[in-house]
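Input: a single structure, listed below in structure tokens.
The values are calculated or read from the model by the stated rules, or taken from the named source; none is laboratory data. Since the structure is predicted, the reported quantities are computational estimates derived from the model, not experimental observations. Heads up, the Cβs are rebuilt from the backbone with ideal geometry, glycines too, and the neighbour counts pull from every protein chain shown. All accessible areas refer to the heavy atoms of the entire protein, side chains included, with ligands and DNA or RNA removed. Shrake-Rupley method; radii C 1.70, N 1.55, O 1.52, S 1.80 Å.
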Amino acid sequence: MSQVLEFLTRRRGGKRMDFTDIISYVYLILGVIVMFGPIVWLVLSSFKTSAEIVKFPPRLLPWRQDTVVIEGYDEPLPLYEVTLEDGSTAVLAQVRRIGLEAQLIDPNDPDGEVIRVNIEDRTPIESVSFGLENYVESMQRFDFMVYLRNSVVVTVAATLLTLLVNSMAAFALSKYRFKGRMAIFLIMISTLMVPLSVVLVPVFLVINQVGWNNNLLGVIVPGAATPTGMFLLRQYMLTIPDDLLDSARIDGASEWRIYTQIILPLARPALAVLTIFSVMWRWNDFLWPLIVLSRSELFTLQVGLNSFQGELNVQWHYILAMTVVTLLPISVIFAFLQRNITTGIATTGMK
Amino acid sequence: MPRQSRKSPVQHIYRAFAAAPAFIATSISAAFSFLIEGLVSIVDVIFSFIQRVIGIGGMPYVFVLPNLLIFGIFILFPMLLNFVYAFTGGTEFFPGQRPWVGTNNFEVLLTCGNFLDPNTCREDLFWRAVYNTTGYVIAQVSLMVVLSLITALILNRKIKARGFFRSVFFYPVLLSPIVVALIWKWILQENGVVNGVIVGLGYDKLPFLVNAGWARFWVVMISVWASMGFYTLILLAGLQSIPPELYEAAQIDGANPLQSFRNVTLPLLMPTMFVVLVLSLIRAVQVFDVVFAFTGGGPGTATLYLVQYIFSKGFSSPTKQYGLAASASLLMAGALIVLTLVQLLLQREEEV
């Protein structure tokens, strides 16, 4: 035993694991449980039947009762293990239940006599199964595809617009000296502190005047000129040497060519970080679409999910399935890009 | 036995899956590069024409124009308009139809018999929101900064699978507030798994979502859960930028781990801590979506926070009091600016 322990705690450099290492790993493993446990619980729960989901205390895995299809009965019959009068047990299918009495038949002999037992004498036969009916049924009530399409349209369009508009402005603010440059920069930076939630009412008025309420454009455009993104790109572009631009100009390149063929390729790391941020912001945005969009066929996933939970207050099996579907796309992206995302955010320190 | 065959099937599958997005990405980008190339050339013609007309000196204005237009119309102009709303009354939506009321909205918000007791205030909901938000900000920011710092310090040690642990702590940051709220509502509901464990241990169920104190507690815990990974990453980056020679020097001088933490780590981490504090404070004051979906401000007004107050005054209540909403948001913006300035001053002092 002590050898096993010695092996497990052996480390590079021959040093044994000490007390602080053990505390660190205990903390990290606790962290994994706290951070990831709720997600696992959500996913497991989303496969439970509506009967299993209201059971208390809840069980970890999605158990469901086994059923058997017998000719002559429209619905599959639930299977029970029944203790018979002579003390033996048998697996029987329940036909109906009247008060405290259950009427069961032998699935192998459907035309045989109906056995009547007290409901206390039977226990359901269950097995773990991951059925998809919560997903299938809630898809019919929840316009997932519509919301998904809206969310994707908003996220992709807004991210492209954000990248274009901010990189152009950052290029101008970092590579040219022109009148008003400092003023523009300062005004933008000062609005970094004032969030959108502070100017809800007037922005809503502007959207209304432009005619963009109940229009995805109203969600896409207003947030595109994000001071955060502009600042991030500008700081990066400042490190690109001006000589490059000058020699391109001597070669006769137009300013637009310089922007697309020198600045943009060189600023790729900063653009990647802004892409990640923008996708995260837009995919998860809630307050803004909630205000701009009131027609349900325009809802994004987040707004749709929120109104879905309002409609079906107690039908958790549907809500959970749709929650899983909503978190799936971003989780898949994260699974593949997690290294880029975490290092990207760590190096710029902004969100 | 050749080396490659030692790879587990899982690794092979993972590799196949990992290659798929790259393949799709390259084929999509190949298709798009044609399109983009064409687009760039067309725009180039337009931009070259503009450049010929206004000269190189005018080009920066062309480049900032789209950004300035969006920024001006949707951020700067509304900010100015917010003042108009704040100083006008009534329920009309269009500023032209709203009667000028001077500072009346602010008086309504700020009239209190006793500022410590929301019941004596004219607009008691506002003051409840103010107190709830204050309590929330203090609890959430301090807990989150401490936990992120501990996590970052541990992740900065020589540990195995650091990338994995870092990702696990970061993952909830990506989840949308609505998803976060629903997950925890499911876990904490009356017949949820937490109560299942409590009953299993032989105690009574706890009213997590019905009791005001518990609701406030869980709102703080959930928002820490959902965002601490982000601050952990920033702090971790700050820790990794501390040169290791400094620790060696401290060790040679006979400093124990605690002393080198206090005299090397903490002072050098202060700039990063400052960023974390500013960002987390600003975001904590604006807390809205998670709570909106998690408790809806309840039970009663126990978790009614400022942004939700503004939202309900301006958008969800039957009589829309835009004036109150706008002046409340101005007060909030003022508080945010003061908070940030105080932090800036404190930091400056520390540097001197």
Subject >> Pairs, first assigned by TED's automatic domain parsing to the domain that holds A:VAL292 and at pLDDT 85 or above in region A:218-229, second aromatic (Phe, Trp, Tyr) and surrounded by fewer than 22 Cβ atoms within 10 Å (Cβ to Cβ), C-beta under 6 Å, six or more apart >> reply: A:GLY218/A:TRP212
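Given region A:138-237, what helices (runs of 4 or more DSSP H) lie entirely inside it while holding 3 or more residues that are farther than 30 Å from A:ILE258 by Cα and in contact with a helix residue (DSSP H, G or I) (Cβ under 9 Å, 6 or more places away or on another chain)? Steps first, answer last, please.
On the way: elements: A:144-175, A:181-190, A:200-210, A:216-220, A:227-237.
Once the helices (runs of 4 or more DSSP H) in region A:138-237 are filtered for at least 3 residues that are farther than 30 Å from A:ILE258 by Cα and in contact with a helix residue (DSSP H, G or I) (Cβ under 9 Å, 6 or more places away or on another chain), what remains is A:144-175, A:200-210, A:216-220.
Counting only residues that are of a type outside the set (Lys, Arg) and more than 19 Å from the chain's Cα centre (by Cα), which one in region A:137-156 is nearest to A:MET237 (Cα to Cα)?
Per the criteria, the residue is A:GLN140.
What are the residues in region B:88-99 that are in contact with a Gly (Cβ under 8 Å, 6 or more places away or on another chain), without any contact (Cβ under 8 Å) to a residue 60 or more places away in the chain and not in a helix (DSSP H, G or I), if any? Before you say what the answer is, go through the steps one by one.
Of the residues in region B:88-99, the ones in contact with a Gly (Cβ under 8 Å, 6 or more places away or on another chain) are B:88-90, B:97-99.
Next cut, without any contact (Cβ under 8 Å) to a residue 60 or more places away in the chain only: B:97, B:99.
Selection gives B:PRO99 alone.
Would you confirm, using the coordinates I've provided, whether B:GLY38 is more than 8 Å from every other protein chain (Cβ to nearest Cβ) and either assigned to a helix (DSSP H, G or I) or surrounded by 18 or more Cβ atoms within 10 Å (Cβ to Cβ) (or both)? Outline the logic, then answer.
Details: more than 8 Å from every other protein chain (Cβ to nearest Cβ): yes; either assigned to a helix (DSSP H, G or I) or surrounded by 18 or more Cβ atoms within 10 Å (Cβ to Cβ) (or both): yes.
Yes; evaluated as a whole, the condition is true for this residue.
Considering region A:172-207 alone, what residues qualify as being among the small types (Gly, Ala, Ser), more than 7 Å from every other protein chain (Cβ to nearest Cβ) and over 26 Å from B:GLY55 (Cα atoms)? Write out each step before concluding.
Pass one, region A:172-207, residues among the small types (Gly, Ala, Ser): A:172, A:174, A:180, A:183, A:190, A:197.
Imposing the further condition that a residue be more than 7 Å from every other protein chain (Cβ to nearest Cβ) reduces the set to A:174, A:180, A:183, A:190.
If the condition is that a residue be among the small types (Gly, Ala, Ser), more than 7 Å from every other protein chain (Cβ to nearest Cβ) and over 26 Å from B:GLY55 (Cα atoms), then A:SER190 is the only one that fits.
Would you mind finding the one in A:THR162, A:THR83 that is out of contact with any Asp or Glu (no Cβ under 9 Å at 6 or more places or on another chain), surrounded by 15 or more Cβ atoms within 10 Å (Cβ to Cβ) and hydroxyl-bearing (Ser, Thr, Tyr)?
A:THR162
If only one of A:PHE277, A:PHE308 is more than 10 Å from chain B (Cβ to nearest Cβ) and either within 21 Å of A:VAL153 (Cβ to Cβ) or not in a helix (DSSP H, G or I) (or both), which one is it? Before the answer, list the steps.
Numbers: A:PHE308 fails: more than 10 Å from chain B (Cβ to nearest Cβ).
After ruling out the rest, the residue left standing is A:PHE277.
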**OP:** Could you please find all residues in region A:40-60 being open to solvent by less than 50 Å² (accessible area, probe 1.4 Å) and either facing chain B (nearest Cβ under 7 Å) or over 15 Å from the mean Cα position of the chain (by Cα) (or both)?
**Re:** A:TRP41, A:LEU42, A:LEU44, A:SER45, A:PHE47, A:LYS48, A:THR49, A:GLU52, A:ILE53, A:PRO58
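Out of region B:126-141, which residues are surrounded by fewer than 18 Cβ atoms within 10 Å (Cβ to Cβ) and either of a type in the set (A, V, I, L, M) or closer than 23 Å to B:ARG166 by Cβ (or both)? Can you show your working first?
The initial filter retains those residues of region B:126-141 that are surrounded by fewer than 18 Cβ atoms within 10 Å (Cβ to Cβ), namely B:131, B:134-135, B:138.
If the condition is that a residue be surrounded by fewer than 18 Cβ atoms within 10 Å (Cβ to Cβ) and either of a type in the set (A, V, I, L, M) or closer than 23 Å to B:ARG166 by Cβ (or both), then B:ILE138 is the only one that fits.
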Original post:
Given the conditions (1) more than 8 Å from chain B (Cβ to nearest Cβ); (2) in a helix (DSSP H, G or I), which single one is not true for A:GLY252?
Top reply: (2)
**OP:** Would you mention how many residues in region B:142-191 are of a type in the set (Ser, Thr, Tyr) and either touching an Asp or Glu at 6+ places or on another chain (Cβ under 6 Å) or open to solvent by 40 Å² or more (accessible area, probe 1.4 Å) (or both)?
**Re:** 1
Subject >> Residue in region B:324-337 that is open to solvent by less than 60 Å² (accessible area, probe 1.4 Å) and touching an Asp or Glu at 6+ places or on another chain (Cβ under 8 Å) present >> reply: yes
Original post:
Just wondering, is there one or more residues in region A:325-345 that are within 20 Å of the chain's Cα centre (by Cα), more than 10 Å from chain B (Cβ to nearest Cβ) and surrounded by 22 or more Cβ atoms within 10 Å (Cβ to Cβ)?
Top reply: no
**OP:** From (1) at pLDDT 80 or above; (2) hydrophobic (A, V, I, L, M, F, W, C); (3) not in a helix (DSSP H, G or I), pick out the condition that doesn't hold for A:VAL95.
**Re:** (1)
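So which of A:PHE231, A:PHE277, A:PHE286 is among the aromatic types (Phe, Trp, Tyr) and open to solvent by 10 Å² or more (accessible area, probe 1.4 Å)?
A:PHE231
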Original post:
Among the residues of region B:197-226 satisfying the criterion of being within 17 Å of A:VAL34 (Cβ to Cβ) and at the interface with chain A (Cβ under 9 Å from one of its Cβ atoms), which is modelled with the lowest pLDDT?
Top reply: B:VAL197
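Picking from A:SER254, A:SER247, which residue would you name as being closer than 21 Å to A:LEU164 by Cβ and more than 31 Å from the chain's Cα centre (by Cα)?
Working: A:SER247 fails: closer than 21 Å to A:LEU164 by Cβ.
Result of the check over A:SER254, A:SER247: A:SER254.
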**OP:** Any chance you could count how many residues in region B:228-252 are open to solvent by less than 50 Å² (accessible area, probe 1.4 Å) and of a type in the set (Phe, Trp, Tyr)?
**Re:** 2
